[in-house]
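The values are calculated or read from the model by the stated rules, or taken from the named source; none is laboratory data. Keep in mind the model is a prediction, meaning the values are calculated, not measured. As a convention, Cβ positions derive from the backbone with ideal geometry for all residues, glycine included, and neighbour counts pool all protein chains shown.
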Amino acid sequence: MHSAKREKTLTNYLSSRLTSEQEQRITEHADKAGLTKSEWCRQAILRSLDAPPDAKLVLAELMSLRRIVLGLFVDSIQGQKLTEGRLRSLVEQAEAAKQVMADNRIHAFISMTNAVDQAPESAA
């Protein structure tokens with residue numbers, strides 16, 4: 001449940017007051033991740049700095065719409081007639097996957113940005 005050895009010593013302290021329900025939610029998430037509550041909170045805070053929740057929400061909705069539109073185009077290309085059931089299915093699939101799709105896009109963007117930032121500058 002404890003994290004591996006850290007590269008840097010943690011010297012600063014941050015605290016927050018929570019309701020019992022909030023603490024329970026954090027405990028459940030930390031347990032699922034195999035982390036202490038402190039480590040899970042630290043990681044959650046740092047992740048939220050990479051993409052604000054409102055931006056993640058907008059991106060998730062866009063990814064959902066993208067999946068629906070592409071599904072409709074594929075059906076159209078294949079000559080399938082749109083039915084209410086098919087549309088419901090596309091929407092349900094998009095809703096179920098939108099957060100993961102948004103997170104994947106954010107992580108890919110961050111990785112790409114980090115790689116560019118760490119690349120050696122070419123000599124001019």
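Suppose the filter is in a helix (DSSP H, G or I), under 24 Å from the mean Cα position of the chain (by Cα), loosely packed, with under 12 Cβ neighbours inside 10 Å and not acidic (Asp, Glu); does residue 26 pass it?
Values: in a helix (DSSP H, G or I): yes; under 24 Å from the mean Cα position of the chain (by Cα): yes; loosely packed, with under 12 Cβ neighbours inside 10 Å: no; not acidic (Asp, Glu): yes.
It is false that residue 26 is in a helix (DSSP H, G or I), under 24 Å from the mean Cα position of the chain (by Cα), loosely packed, with under 12 Cβ neighbours inside 10 Å and not acidic (Asp, Glu).
Among the residues of the range 45-69, write down those that are surrounded by 15 or more Cβ atoms within 10 Å (Cβ to Cβ) and of a type in the set (A, V, I, L, M). Explain how you work it out, then say what you get.
Here is the first cut: in the range 45-69, the residues surrounded by 15 or more Cβ atoms within 10 Å (Cβ to Cβ) are 51, 56, 59-60, 63-64, 67-68.
Answer for the range 45-69, where residues must be surrounded by 15 or more Cβ atoms within 10 Å (Cβ to Cβ) and of a type in the set (A, V, I, L, M): 51, 59, 60, 63, 68.
Of everything in the range 1-29 that is closer than 23 Å to residue 110 by Cβ and of a type in the set (Gly, Ala, Ser), the residue that is modelled with the highest pLDDT is 4.
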